[in-house]
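Q: First the structure, which I've put down as structure tokens, then a few questions once you've had a look.
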């Protein structure tokens, strides 16, 4: 990993003020489940009353280092999910004992299973949940652009609700990257419709992954229409969202807007102060925390088969984004050092994946 810098408190305060980062809206979550000493869970005030931030070193590494890909990404995501799963069950009040209720994972293909929460569930509650699948796909290329009306059009190209329980009250677990919330919205609507046919209802929607402040608000509006309780578990922080409705920085300049209008718009997300202090030492301002989540993964389930993620493309895009951030002129020397170290790490990683043939393959 790139080096970690040490920062003075007054510098941290000035960055918080400059980028309007919210660091005073959290409190430690009340838990009976024990946590690892370097894992922290916070509840968020003045938001949906069931919003939590899960701060782990693994989530921080994924967010700050886009060169973490493939098996390394899978390992870190699994460890983050392993530390998160039992607290999620407790805080969400999931009932595993009632015959009237059921736990269902909704897998949004291709990228969402990369969060690994379902694999951890197989370890902790084997046989106690069902899985359904939905694959929404943008009708046009959407990398770094969910803003245009054409790019915002989604179709469901695959679904499998054969394991959906009948006549049950469902706790629906959705692991996903919630930026604009478009994929979550279309996937939830499909599941609500299938539940009506099966005589089941969704009591709770439990969301885990990288979540933006804007995406969270849109999810809140969506679940209210259906009388569903939303419990959100964001990895590390609630992110800001750039004008393209795609990039999810913790803080920094909106690079997408800068490239198009030469306007400097400084963005800030929401984190606990302790968490922000840690991220600040590692995070490149303006960088996209989840990145292209599907492209960072080695292997992706499509519903019909498996295919390789385009890791080389993710690395090349990350290099372009960081180089562009360096040209804006808002980074301090120590932030430029962070950016250059990550560029070196990305460029060292690229040859491993550059000549890799991307192809579908069976399980």
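The values are calculated or read from the model by the stated rules, or taken from the named source; none is laboratory data. Quick caveat: nothing in here was measured; it's all calculated off a predicted structure. Cβ placement follows ideal geometry from the backbone for every residue including glycine, while neighbour counts extend to all protein chains displayed.
Q: Quick one: in the stretch 3-36, of everything that is farther than 13 Å from residue 275 by Cα, out of contact with any helix residue (DSSP H, G or I) (no Cβ under 8 Å at 6 or more places or on another chain) and assigned to a loop (DSSP other than H, G, I, E, B), which residue is modelled with the highest pLDDT?
A: Ranking the candidates gives 20 first.
Q: Go through (1) over 18 Å from residue 181 (Cβ atoms); (2) in a strand (DSSP E or B); (3) touching a helix residue (DSSP H, G or I) at 6+ places or on another chain (Cβ under 9 Å); (4) touching a residue at least 40 places away in the same chain (Cβ under 8 Å) for residue 131 and report which single condition fails.
A: Evaluating residue 131 over (1) over 18 Å from residue 181 (Cβ atoms); (2) in a strand (DSSP E or B); (3) touching a helix residue (DSSP H, G or I) at 6+ places or on another chain (Cβ under 9 Å); (4) touching a residue at least 40 places away in the same chain (Cβ under 8 Å) leaves (4) as the failure.
Q: Can you confirm whether the stretch 215-232 contains a residue that is outside any helix (DSSP H, G or I) and surrounded by 24 or more Cβ atoms within 10 Å (Cβ to Cβ)?
A: yes
Q: Quick check on the stretch 190-214: of everything there that is in contact (Cβ under 8 Å) with a residue 12 or more places away in the chain, over 25 Å from residue 25 (Cβ atoms) and assigned to a helix (DSSP H, G or I), which residue is farthest from the chain's Cα centre (by Cα)?
A: Within the stretch 190-214, the match that is farthest from the chain's Cα centre (by Cα) is 198.
Q: So, in the stretch 237-263, exactly how many residues are surrounded by fewer than 23 Cβ atoms within 10 Å (Cβ to Cβ) and out of contact with any helix residue (DSSP H, G or I) (no Cβ under 6 Å at 6 or more places or on another chain)?
A: Matching residues across the stretch 237-263 total 7.
Q: Here's something else I'd like to know. Would the stretch 37-56 turn up any residue that is touching a helix residue (DSSP H, G or I) at 6+ places or on another chain (Cβ under 7 Å), modelled with pLDDT under 95, loosely packed, with under 12 Cβ neighbours inside 10 Å and over 18 Å from residue 250 (Cβ atoms)?
A: no
Q: Right, next: Looking only at the stretch 253-286, how many residues end up being in contact with a strand residue (DSSP E or B) (Cβ under 9 Å, 6 or more places away or on another chain) and under 22 Å from residue 75 (Cα atoms)?
A: Matching residues across the stretch 253-286 total 4.
Q: Looking at (1) in contact with a helix residue (DSSP H, G or I) (Cβ under 7 Å, 6 or more places away or on another chain); (2) assigned to a loop (DSSP other than H, G, I, E, B); (3) surrounded by fewer than 23 Cβ atoms within 10 Å (Cβ to Cβ); (4) at pLDDT 95 or above, which one does residue 163 not meet, given that it meets all the others?
A: With respect to (1) in contact with a helix residue (DSSP H, G or I) (Cβ under 7 Å, 6 or more places away or on another chain); (2) assigned to a loop (DSSP other than H, G, I, E, B); (3) surrounded by fewer than 23 Cβ atoms within 10 Å (Cβ to Cβ); (4) at pLDDT 95 or above, residue 163 is out only on (1).
Q: Of these, 59, 77, 112, 102, which one is buried (at least 17 other Cβ atoms within 10 Å of the Cβ) and over 19 Å from residue 293 (Cα atoms)?
A: After applying the criteria, what remains is 102.
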